[in-house]
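Notes follow once the structure below has been shown.
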Amino acid sequence: MRKLLGRFGMIAKPFLRAVILLPLFIPAISHAQSGWWNCPNPPTISSVTPSPWVAGQTYNLVITGTGLLTPTQPCNEIPFYVTLSNGEDAALFNVSTLSATEVTATVTVPAGDSAQTACVTVEYFSADVVRKTASPNRGTCPTVTTDFGTFVPFAVPVCPGPTITSVTPSTWFAGKSYDNVKVIGTGFTTTADSNRTGCPVTLITITAADGSPVPISSVTVDSKTKITLSGVAPPTADPTETATITASTALSTGTPATLTTQPQILGNQIIFQNNPVNDPKSPPPVVVGQQIALTTPALPSGITATRTTWTVDGTRIADYAPTTDGASVTELKDEDLKKSDITFYWVYPEPSATVTYEYCVDIPEAGNQCSTANATFEVDGYDSPSINVVDNRSPSVDHLDACNGVPGGPYLDFGVLHGPHTPCTAVGQPGIQFFPEGTPPGDGDTFFVQIVNSDIEHETGRGTPYGCRARPGIDGDYPYQGDFQPSSAVDAPEDALPNDQNRATRNFNATMYLFWKSDTDDSIPVPLAYVPWKFEAGAHRILGIWSPSGGGTDQGSQLADPSQTNPRSPTEPQKTLGIPIWNGLATPTCGPQPNSAEDSATVEEL
Amino acid sequence: MKKLGALFLICAACAYSGSIFGQTTNGAFSISLSTDKPTVTAGSNVDIRIKLTNTSDHVVDCATAYVGGFDRRYLYDVLDENGKSVLKPGIDPERYPGGYQFCDLDPGTSTGNRGSRISWLYDLTKPGIYTVQVSRFIGNDEKQGVVKSNTITITVVAPEPPSAETK
C-alpha cells in the first residue's frame with residue numbers, strides 16, 4: 001500500500017480523502033455539480049516558514065498566501081496536506097486559519113537520510129471533483145488540477161537528519177590533538193549535496209562535559225556517511241569525561257537536527273587525601289615523614305594502561321620502621337614506580353616537590369597514547385633543627401657505695417656519680433647532655449636515638465688482660481630511654497674498675513640522633529640532626545687507689561643530610577640517604593683478652 | 001672470671017633479684033609492666049616494657065642504666081613454672097661497661113614504656129610459662145624499700161620444626 005501510495009500518492013491521496021469525507025459532502029454535491037466553476041479563484045501559497053525542514057523534526061508553520069479562508073458552498077473545504085517527494089505524508093495538525101492570507105499549522109516531518117521536497121498543498125475539495133494531470137512545478141511538486149481549478153503546491157526542501165553511529169578514535173587524551181578523526185553516520189550533507197538541494201552542509205560540533213566547545217578544524221563531509229576532522233581534547237578534563245559530538249544541519253530556524261555520540265576523553269589526575277592535586281599555586285601542605293599515598297582514577301572499563309610511571313622529586317623512601325631490634329630504609333623500587341598508585345615518605349623538607357604520573361594506553365586508530373599529570377607538594381620540615389650539646393668533659397673515677405648486698409667500689413665514669421651503684425639510685429652529673437633545638441612543623445614527637453658505634457674497654461695489670469667490646473647498635477632502647485617526648489637526653493657511661501688490675505681504658509664512640517615523627521596517620525620518624533661524640537677515658541691504680549689518667553671528648557652537632565649514605569669511617573653509624581640504620585642493640589661481650597695488641601691499636605685509632 | 005671471685009659473682013647477680021628484697025612500700029611511684037610479645041619462640045630475645053609513674057608530689061628518680069638493652073636500674077624476678085629463678089649463671093651486669101642516664105620524673109607524669117631485654121640476664125630458652133615482676137628502689141637509701149610492678153606472664157614456645165618442603 002505504501003509503495004502504491006508512493007507511486008500514485010500525489011494524485012490518489014487527495015481523492016481518497018474526498019471519498020472518506022464523502023458523507024459530509026453529500027448535501028453539497030448538487031451544488032458542486034451545478035456550480036463549482038463558480039468557486040473563488042484557487043487559493044495560493046506564497047510562503048511557508050520555517051524553511052527548509054529537516055527530516056524527523058516538528059515545526060510550527062506559518063503559511064501565507066491568498067484565498068485561504070474556507071469558501072462557501074460548493075467549495076466546501078480547503079484542506080492542507082503535505083507530501084514528500086518520496087511519497088510519504090507529513091503529519092499536519094493544529095491547522096488554524098487566521099485570515100485569508102495566513103494560516104498556522106504544525107507539521108512533523110518523517111525521518112529520513114536523503115534530501116526530499118515537501119509539497120504543501122491547498123485545494124478545494126469536492127466528492128466528485130475530477131483531478132487532471134499533475135505537472136511539475138517548483139522543483140518536484142506537481143501542480144494539481146481539478147475541476148475547481150489549478151492548485152500550485154508550495155515546495156519546501158527537506159534536509160536529511162544526520163545521525164552519528166561512531167567516532168574513531170573513540171578515546172581521546174585530554175590536551176592532545178587528533179587528526180583524521182572519522183565520524184561515521186547517516187544523513188550527512190556534503191557540499192555537492194548542498195549545492196543541489198539547498199540543504200546546509202552538515203555541521204559538526206564537539207562539546208566537553210562542562211559545556212565548553214572542543215576546538216575542531218579541517219572538517220570535511222566526505223559523503224552522506226562519513227565526516228573527517230581534526231580536534232583537540234580539552235586540556236583540563238576530569239580523569240575521564242564524556243564529550244558530546246554533534247552533527248547538525250545548522251539551520252537558522254526551527255530545531256536543528258542534532259544527534260550525538262559520546263567519545264571518551266581520558267584525563268589524568270593525581271589524587272591525595274581524596275582530592276586531586278593539580279594546582280601548583282596551591283600545593284597541599286605536607287610534612288616530612290608524613291605518609292604520602294597517591295592514587296589515580298581507574299581507567300574506564302575496557303581500557304588498560306600499557307605503561308604507568310611515577311617520578312617523585314626529593315629524597316623519598318618507601319618505608320622506615322625503626323625498632324630496638326633494627327632499622328632499615330626501604331627505598332622506592334622500580335616496581336613501586338610502575339604501579340597506578342604509590343605510597344612514600346619525604347624525609348627532608350622540600351619547598352616544591354613535583355610528582356609526575358604518566359600512563360599510556362593503546363587506542364585503536366590512534367596508536368599508543370600517553371598522558372601526564374603533575375602535582376606539586378610543599379614538604380614542611382623542622383625549622384632550624386639542631387642538637388645543643390653540653391659536654392662536661394669530665395671522665396672521672398668515682399667510688400660508688402654498696403647496693404642490695406653488693407659491696408661498692410671504684411667506677412670509671414664519663415661524668416660524676418655519687419651514692420650507691422645500680423640497681424640503687426646514684427646521683428651526680430652526666431658527662432654529656434643533649435637538648436633539642438628548633439621548631440617542629442606540626443604536632444608530633446621529637447626524640448633521641450643513640451647509636452653506639454664502638455665501645456671498647458680494656459684492663460691490664462697483674463692478671464690476664466680483660467676487656468669488653470660492644471657490637472654497634474642501639475644504646476639501651478628505641479627511642480633513647482624509651483622517651484618519645486624528652487626535654488633532653490643525657491649519658492654518663494660508667495664501668496666498674498676491678499681490684500685485680502692496675503690500668504683501665506674505655507673508648508666510647510656514639511652518635512646521638514634527633515628524630516621527629518609527625519602525628520599524621522602512618523607517619524615515619526625522620527632524622528633531623530645528629531651529634532657524633534666520643535670520649536677516651538683512662539684510669540690507673542697506684543697503691544690500691546684508682547685515679548683518672550687523662551682522656552678527652554669530641555662532639556659536634558650536624559644536620560641530617562641525604563647525601564650521607566655510607567659512613568666515612570668504621571666508627572660512624574650506617575646510613576641510607578642520611579637515615580641511620582642499625583641491626584639490634586649495642587651489646588657488649590666481655591672476657592679475658594690475651595691478645596691485647598688489636599684492642600690497643602683500635603684505641604689508638606680513636 | 002678473674003677479677004671477681006665466684007662467691008662475689010653469685011652475690012652480684014643476686015643484686016638484681018627482687019625476690020630477696022622483702023620490703024615493699026607504697027612509694028612515690030608506681031611501675032607498670034607489659035610486653036609487646038607475650039608469646040615468644042625459644043631462643044629469641046625477650047623484651048619487657050616498664051613504665052614508671054610518679055604518684056607523689058615531688059620529683060622522683062627515673063634513671064636508666066642500660067647494658068645490652070637490659071636496664072640495671074630494676075630488680076627482676078623472672079621465674080619458671082616451678083617458681084625458680086632462671087637467672088643466667090656467671091653474669092654480673094655491673095661488670096659490663098654500660099651507660100647511666102639520669103632522669104627526673106615530675107609529679108603526675110610517666111616515663112615512656114621503656115624496653116628492657118631480660119633475656120640478656122635470664123635464661124628463657126626453654127619452652128614454658130614464665131612470670132616476670134620488677135621492682136625499684138625508692139630512693140638513695142635502699143632501706144626505704146622498693147616498689148614492685150605487676151606481674152606478667154611470658155610464654156616461650158618451641159620453634160616450629162621445619163616443614164617437609166624445607167627439609
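Some values worked out for this structure:
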| read-out | value |
| --- | --- |
| Qualifying residue in the range A:500-512 (condition: among the aliphatic types (A, V, I, L, M) and within 20 Å of A:Phe447 (Cβ to Cβ)) | yes |
| Residues located in the range A:338-377, provided they are loosely packed, with under 15 Cβ neighbours inside 10 Å and closer than 30 Å to A:Leu229 by Cβ | A:Asp362, A:Pro364, A:Glu365, A:Gly367, A:Asn368, A:Thr372 |
| Test: residue in the range A:436-447 that is surrounded by fewer than 18 Cβ atoms within 10 Å (Cβ to Cβ) and charged (D, E, K, R) | yes |
| Test result for A:Pro430, more than 9 Å from chain B (Cβ to nearest Cβ), out of contact with any helix residue (DSSP H, G or I) (no Cβ under 9 Å at 6 or more places or on another chain) and touching a residue at least 40 places away in the same chain (Cβ under 8 Å) | no |
| Residue list for the range B:124-142, filter: under 17 Å from B:Ile31 (Cβ atoms) and either aliphatic (A, V, I, L, M) or within 7 Å of chain A (Cβ to nearest Cβ) (or both) | B:Val132, B:Val134, B:Phe137, B:Ile138, B:Gly139, B:Glu142 |
| Sole exception among (1) surrounded by 18 or more Cβ atoms within 10 Å (Cβ to Cβ); (2) assigned to a strand (DSSP E or B) for B:Ser119, by number | (2) |
| Residue list for the range B:64-123, restricted to those being more than 7 Å from chain A (Cβ to nearest Cβ) and among the hydroxyl-bearing types (Ser, Thr, Tyr) | B:Tyr76, B:Ser85, B:Thr109, B:Ser110, B:Ser116, B:Ser119, B:Tyr122 |
| Pairs where the first residue, in the range A:147-163, is hydroxyl-bearing (Ser, Thr, Tyr) and the second is in a strand (DSSP E or B) and at pLDDT 85 or above, C-beta under 8 Å, 6+ apart | A:Thr163/A:Gly185; A:Thr163/A:Thr186 |
| Test: A:Ser384 is away from chain B (no Cβ under 14 Å) and either at positive phi or out of contact with any strand residue (DSSP E or B) (no Cβ under 9 Å at 6 or more places or on another chain) (or both) | yes |
| Elements of type strands (runs of 3 or more DSSP E) in the range A:487-567, at least 1 residues being in contact (Cβ under 8 Å) with a residue 40 or more places away in the chain and among the β-branched types (Val, Ile, Thr) | A:489-491, A:501-518, A:525-542, A:545-555 |
| Every residue from the range A:449-476 that is more than 10 Å from chain B (Cβ to nearest Cβ) and under 59 Å from the mean Cα position of the chain (by Cα) | A:Val449, A:Ile451, A:Asn453, A:Ser454, A:Pro472 |
| Residue tally, condition closer than 24 Å to A:His540 by Cβ and among the polar types (S, T, N, Q), over the range A:395-433 | 2 |
| Boolean, B:Val157 is more than 14 Å from chain A (Cβ to nearest Cβ), at pLDDT 95 or above and surrounded by 17 or more Cβ atoms within 10 Å (Cβ to Cβ) | no |
| Test: residue in the range B:55-64 that is under 13 Å from the mean Cα position of the chain (by Cα) and modelled with pLDDT of 95 or more | yes |
| A:Gly438 being farther than 28 Å from A:Leu543 by Cα, away from chain B (no Cβ under 14 Å) and part of a loop (DSSP other than H, G, I, E, B) | no |
| Check on A:Ala496, under 18 Å from B:Arg95 (Cβ atoms), at pLDDT below 95, in contact with a helix residue (DSSP H, G or I) (Cβ under 7 Å, 6 or more places away or on another chain) and within 9 Å of chain B (Cβ to nearest Cβ) | yes |
| Residues satisfying the stated conditions in the range A:568-589, i.e. in a strand (DSSP E or B), in contact with a Pro (Cβ under 8 Å, 6 or more places away or on another chain) and either within 14 Å of chain B (Cβ to nearest Cβ) or at pLDDT below 75 (or both) | A:Trp582, A:Pro588 |
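Quick grid of which residues meet (1) hydroxyl-bearing (Ser, Thr, Tyr); (2) without any contact (Cβ under 8 Å) to a residue 60 or more places away in the chain; (3) farther than 30 Å from A:Ala492 by Cα:
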| position | (1), (2), (3) |
| --- | --- |
| B:Gly68 | no, yes, no |
| B:Tyr76 | yes, no, no |
| B:Leu121 | no, no, no |
| B:Gln144 | no, no, no |
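The values are calculated or read from the model by the stated rules, or taken from the named source; none is laboratory data. Computed from a predicted model, the values in this text were never measured in an experiment. Ideal geometry is used to build each Cβ from the backbone, glycine not excepted, and the neighbour counts take in all protein chains shown.
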